[in-house]
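Reviewing the structure listed below.
Laboratory data are not the source of any read-out in this text; all were calculated from the coordinates shown. Keep in mind that this is a model prediction, so the values were computed, not measured. As a convention, Cβ positions derive from the backbone with ideal geometry for all residues, glycine included, and neighbour counts pool all protein chains shown.
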Amino acid sequence: MMVPITDRATQPAPWRRLATVLFRAREVSILLVVLAVFGLTTAYNTSFADLLSVQQLLVGASVMMILAVGETMVIITRNVDLSVGSVLGLSAYVIGDLFAHFPNLPVILGFLAGVGVGLLCGVVNGAIVVLARVPSLVVTLGTLYVIRGVDAIFVNGVQINPSSIPDSFLGIGYETVLDVPWMFVIASVLVVIVGYIMRTFRPARDLYAIGSDPQAALLAGVPVRRRVFFTFVVSGAIAGLAGGLWLANFATVSSVAGLGYELLVVAAVVVGGVAIFGGSGTVVGAALGAILLNTINQALVATRISAFWDEALAGALLITAIAFDRYVFLRRERALRVRLAHGLS
Amino acid sequence: MELGAGLPTGAGGGEGKSDNGIAGDDAVLASGPMLVLDHVTKSFGAVHALSDGSIRLYAGEAHGLVGENGAGKSTLVKILAGVHQPDSGLVILDGKELSLHGPAGAAAAGIAVIYQEPTLFPDLSVAENIFIGRQPVRSWKRINWTGMNEVVRGVLDRLGVHMNVTTLARGLSVADQQIVEIAKALSFNARVIVMDEPTAALSNAEVERLFEVIATLRAQGAAVLFISHRLADVFSTCQRVTVMRDGRFVMSDTIGNLTVEGIIRAMIGRDVSSLFPKTVDDPGAEVLRVEHLTREGVFTDISFHVRAGEIVALAGLMGAGRSEVARAIFGIDGRDAGRVVINGATIPAGSPTASMAAGMGFVPEDRRQQGLVMDLAIDHNIALASLGRLSRGAIIHRSAETALAADWSTRLRLKYGRLKDPANTLSGGNQQKAVLAKWLARRPSLLIVDEPTRGIDVGTKAEVHRLLDEIAHQGVAVLMISSELPEVLGMADRVLVLRGGRIAADFPRHEADEASIMRAATGQLRQNAAAGQ
């Protein structure tokens, strides 16, 4: 991956640069926090580090990681997609229903159907946001309920049972390669690919420009509406894919699949260093944010602390993350101020 | 301001004549114009924003475009930028008619616009800001970051500017942001570069650097359209000037045939003294005393006083700490040491409420963001600082509020549609008057005004000056911050010059002139600083 080379004339010593990068990069600090939570929990309950337990940890984080990828793209453009939980639920049900009717359907077609459902939902979200110029918060809050409602009509109280889903599909939910769960492999590959795309291609850089200053993006000739529309479509498609993996993992689906995921995803993304008002952040950071929230969740189970603390902690972490960003921002402003003052005197 | 009295003013030039009244025999004119706007019109509903936009730009010239606010300059710029499409009229580049559809079309045609507040992406690097949407790519359309940074370094070198191309735009000074925009224009091979009020927010050193950059652009064969309220800047950098009034072309001439007064007369269509010199009174009792005020890294050991009826100006370069001192006195920012005394009473630090209660008023630099609530009605805005007096308990007395607003808008000759219209319907100058009205309605004993006439047209500017004089005459102490030396010299009874966060000089009215202030502000004469302390 190409990384911009900083001006050689102004480069500080290599070790200092490394220290700055480590301190500044949110990805590294989150990874450290994940390891710290993991280490502390293992010290309390050694079985937390068992292979099976770690595998379960990774599987549990996978769906949220995938959703975080799409949500990151949307939030970077200064929008938000609150419908991802409902899209996931609808996609999971449609795939399950397909397998119930066509038991011999190839696995890949099942996934494609889920992605297709998500894509359609994304088209609806994107079209309303872009054409009707309604804030995405309102649009996706609406489609959150509408899609959930459509899902409930489809489901009509009938659950999909594991028996009607092919084993080859369910295998994705629990099989491993070199001890790494397939779910986590898929999620990681998606994170790496999208992370690379976000860094390397012009249309992806446009997303950062749009979130950084939508008006300036228009003036710079960025096709803002087309990009935002496309971002919602991708977010929907990714949520559809997540629905497939959710089904493979849980093997059963009712009308409440993915209920409330949207806010957890937004929390994970923000904890992962994506600015809530757009313009900055990375997919890798967001995925690590998802892993962190899931690790805390599992750690509470392992230490037998009441599950009540799970959500409270997630919230506290969210606020800490935002407060930390603000603190760093103010410190940098002050440093700049002092530097300017010295430069002038 | 230099006035070449006796020279022809060039105020002729009938409106809408096909000849456009262009005079001039420069060599640049020989090759024919690079860009022509011919009788361009644009209406928004019933409002004719532009009824005759005409201008001719030649390669290698800097062309001043002047006119009061509302003269149609912004609309003309937006047509050149491709933001608006003209209703009628022609845009001709190199002899070929153009229709500019969208900003991308203008950029492709080689026209670049640098706005007063540059529109950079704060989260992107300098280099990526310049190349957004057209970053150089390698195989598979992957962005070539190294190549992009190299190209941008090359462009900045051509402009003679040093800047780290990988730093984020967030935190760059306005001047540096403009340089980035100009570099962007160059990277587009732009040949027509429009600068909308580029010098309004720059320090003098930065203005000098900008003028050098403009000279470089001209030498490379570009045409620069330079839009400014600062006629001194127009005279320093432009070869020809076009004047607009009420959406119409008025006249166009080479700079040698023009005088400041002639241009002003053409702009407003009547005679007016551009500066209202303050009447000199004997100042009264001391109102404000500032003792050893310090804010770490911003300003150090600031001591001065302002008496009733006195206008004291804080002058100095951008970044010298003028606004910061004012903000700390009013209590918006905290302070690390020192004392502020109003009418003998010490004001607690960091409390605008206490400052207001003590009789202080503060008209901030940025009226759109800090001075007015833009979506709120004009009368509510004017009454906003007086609500305590207009309320019984928690209930605001509506009719008293309206009466107060009507009274003050009449006194300040505010031009508005209805008092119930939102404040953003007012023109820039009238917005500033509304902010003044808001504070005057409180009958303050000390009024701090930060850049009171920035971005305001000449006519309204004179009115604001008249107002400030009147306020002082009524016994209010005024602390004025201004980057415009003529304004400082015309209005101030005393001039404090800040440099690097310290008071470098303290001139009484009769000792202050442009040279002495600039010397103190740039630190060229140490003995002045010593005398000032």
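Since only A:L300, A:G272, A:G315 are under comparison, the one whose Cα sits farthest along the positive direction of the charge dipole of region A:26-322, derived from C-beta charges on Lys, Arg, Asp and Glu, is A:G272. Could you compute the FRET efficiency for B:L90 and B:S173, with r as their C-beta to C-beta distance and R0 at 41 Å, rounded to 0.05? Step by step, r from the Cβ atoms, then E = 0.60.
Run the helix sum for chain A: -39,500 (n - 2.57) per DSSP H stretch of 4+ residues, divided by residue count, reported at 222 nm to the nearest 500 deg cm²/dmol.
Details: 14 runs with 258 residues, N = 345.
After summing the helix terms and dividing by residue count, I get -25500 deg cm²/dmol.
At the listed q of 0.11 Å⁻¹, the Debye profile of chain B, built from one uniform point per Cα, gives log10 I(q)/I(0) equal to -1.07.
Between A:L105 and A:L263, what length in nm is gained on full extension when 0.36 nm per residue of separation is reduced by their alpha carbon distance? Spell out each step's value before the answer.
Details: separation 158, 0.36 × 158 = 56.88 nm, distance 3.35 nm.
That pair, A:L105 and A:L263, stretches by 53.5 nm at full extension.
Assuming charge only on the beta carbon of Lys and Arg (+1) and of Asp and Glu (-1), the dipole of the protein assembly as shown about its Cα centre is about 540 debye to the nearest 20. Here the Gaussian network model covers chain A, with springs between Cα atoms less than 10 Å apart; of A:N297, A:N161, A:N249, A:N161 fluctuates the most.
Available extension along the chain between B:R442 and B:D336 is 35.2 nm, counting 0.36 nm per residue and deducting the alpha carbon span.
Using the Cβ-Cβ distance between A:V256 and B:D375 with R0 set to 35 Å, the FRET efficiency from 1/(1 + (r/R0)^6) comes to roughly 0.25. When peptides A:40-49, B:349-358, B:494-503 are sorted by average Cβ neighbour count within 10 Å, with the highest value leading, the order is B:494-503, B:349-358, A:40-49.
Would region B:159-227 count as rounded, prolate or oblate if I go by the C-alpha gyration tensor, calling it rounded below 1.5 in a/c and otherwise prolate when a/b exceeds b/c, oblate otherwise? Judged from the Cα gyration tensor, region B:159-227 comes out oblate (a/c at least 1.5, b/c at or above a/b).
Using a simple charge model, +1 on the beta-carbon of Lys and Arg, -1 on the beta-carbon of Asp and Glu, nothing else, what dipole does region B:444-525 show about its Cα centre, in debye to the nearest 20?
300 debye
Scale the Cα Rg of region A:26-322 by the rule-of-thumb value 2.2 N^0.38 Å and send over the ratio, two decimals. Working shown, then result.
Details: Rg = 18.8 Å, N = 297, 2.2 N^0.38 = 19.1 Å.
Cα Rg divided by the expected 2.2 N^0.38 Å: 0.98.
Built from the Cα atoms of the protein assembly as shown, the convex hull projects on average onto 43.6 nm², one quarter of its surface area. Under DSSP H, which helices of chain A have Cα atoms covering 24 Å or more of the helix axis and a Kyte-Doolittle average no less than 1.6? In chain A, the long hydrophobic H runs are A:26-44, A:51-76, A:107-131, A:136-155, A:182-200, A:283-302.
Would you please name the trypsin sites (Lys or Arg not before Pro) within region B:331-438 that are DSSP coil residues with at most 15 other C-beta atoms within 10 Å of their C-beta?
Working: sites: B:R335, B:R339, B:R367, B:R368, B:R389, B:R392, B:R398, B:R411, B:R413, B:K415, B:R418, B:K420, B:K433, B:K438; in loops: B:R335, B:R413, B:K415, B:R418, B:K420.
Listed in order of number, the matching sites are B:R413, B:K415, B:R418, B:K420.
Specify the residue with the greatest mean-square fluctuation among A:L178, A:L264, A:L300, computed from a Gaussian network of chain A linking alpha-carbon atoms under 10 Å apart. Looking only at A:L178, A:L264, A:L300, the largest GNM fluctuation is found for A:L178.
Highest mobility in the GNM of chain A, judged by mean-square fluctuation with C-alpha springs under 10 Å and restricted to A:V266, A:V134, A:V107, is found for A:V134.
Among the listed pairs B:K96/B:K141; B:K184/B:K461; B:K278/B:K433, which are separated by more than 27 Å between their Cα atoms? Display every interim value, and only then the final one.
Values: B:K96/B:K141 34 Å; B:K184/B:K461 34 Å; B:K278/B:K433 18 Å.
Beyond 27 Å: B:K96/B:K141; B:K184/B:K461.
Label positions at B:A403 and A:T176, each projected 7 Å from the Cα along the C-beta direction, are separated by 8.3 nm.
As an exercise, use a Förster radius of 60 Å and the Cβ-Cβ distance of B:A219 and B:N343 to find the FRET efficiency, rounded to the nearest 0.05.
Numbers: r = 58 Å, r/R0 = 0.96.
Efficiency computed from Cβ-Cβ geometry: 0.55.
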